[in-house]
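Heads up: the structure comes next, in structure tokens.
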Amino acid sequence: MIPEFLEPILLLAGAYLASEIGYRLGQHCGPRDETFDKQLGMISSATFALVAFLIGFGFAGAGTRYVDRLDLVVKEANALGTAYLRADALPQPMRGELKEALRQYTANRLEILDNKGSPVALALLAKVGSQHERLWDIALRGTASNAPLMLVVLPSLNEVIDLHTTHLSAARRRIPTAIMVTLLISTALALGIASFGNGQAGRRYPILNFVYGFALAAAIWMTLDLDHPRRGTIQISIQPLVETLASMKP
């Protein structure tokens, strides 16, 4: 995986390289005529429109997924808080056991979300299944032969368990690789075609080329950054889980 700080640098370098290649090709493609100019203008406009569409599509999708992930953190915090409160309905010692298990589970969730895929987070993820089994086992022992109590305690724990799978699925959802590759290739072509005409005319427009290349690189970088919830500049806030853990007083 490319380091985070290298992504914008590589995108800017790619934009410059595409422009330079287009300019050099324009210089060596001989004289142009009116018909060629019209064709070049049509292809350039179509390529720019495709790039705009792909960037808009990618950014809108990444933005939607970002909001969905924010909502999931809030839902998970609410579900954990509810399960913790409903644990009071259980008799001792299961009440204390379930509350302690929920506190530990919430603390682990915070560590997983705060460590951005590190070995620590991966090790904690591997233990989630056993933690779910422990939560469920305590709840079953505490509600044995008591159907009304089951209806109070078990649904909230079931939601906590289900949200883990939902959260994992949302974290792994990204812009499809084929679309991202198409976007990068289309952007390079758009910059190359724009500079191709400049090369044939024998005139450089470095400021205009830089502004356009920078704008495209920035848009793609922000789309990528927005689509990765626990890395880069734009990250998902885990404050709701922090507040929930703080409220789980022994």
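The numbers here are math on the coordinates, done by the rules we state, and not lab data. Every value quoted in this text rests on a predicted model; they were computed, and no experiment measured them. Neighbour counts run over all protein chains shown; Cβ positions are idealised from the backbone, glycine included.
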- request: Measure nothing but the geometry: give the 0 to 90° angle between the long axis through the Cα atoms of 206-226 and the longest principal axis through the Cα atoms of the chain, rounded to 10°.
  value: 20 degrees
message: Between Val211 and Leu125, what's the calculated FRET efficiency when r is the beta-carbon distance and R0 is 51 Å? Round to 0.05.
response: 0.70
task: Using only Cα atoms, tell me the angle between helix 147-172 and the longest principal axis of the chain; keep it within 0 to 90° and round to the nearest 10.
output: 20 degrees
query: Along the charge dipole of the range 8-87, which of Phe36, Ala13, Leu85 sits closest to the positive end, that is, farthest toward it, with unit charges on the beta carbon of Lys, Arg, Asp and Glu (+1, +1, -1, -1)?
result: Leu85
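Say R0 is 22 Å: what FRET efficiency, to the nearest 0.05, do Asp68 and Asn115 get from their beta-carbon distance? Intermediate values should be presented prior to the final figure.
On the way: r = 22 Å, r/R0 = 0.98.
With R0 = 22 Å, the Cβ-Cβ based efficiency is 0.55.
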message: Using a 7 Å offset from the Cα along the Cα-to-Cβ direction at both Ala49 and Gln104, what is the distance between the two label points in nm, to one decimal?
response: 6.1 nm
- prompt: Hey, rough spin-label estimate for Arg203 and Ile21, points 7 angstrom out along Cα→Cβ, what's it come to in nanometres?
  reply: 2.6 nm
message: Quick check: residue separation of Leu6 and Met42 times 0.36 nm, minus the Cα distance between them. What number comes out in nm?
response: 9.5 nm
statement: Checked against the positive end of the charge dipole of the chain (+1 on Cβ of Lys and Arg, -1 on Cβ of Asp and Glu, about the Cα centre), the farthest of Ser45, Ser247, Asn209 is Ser247
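If R₀ is 45 angstrom, what is the calculated FRET efficiency for the pair Ala178 and Gln92, using the beta carbon separation as r and rounding to 0.05?
Working: r = 57 Å, r/R0 = 1.26.
For Ala178 and Gln92, the calculated efficiency is 0.20.
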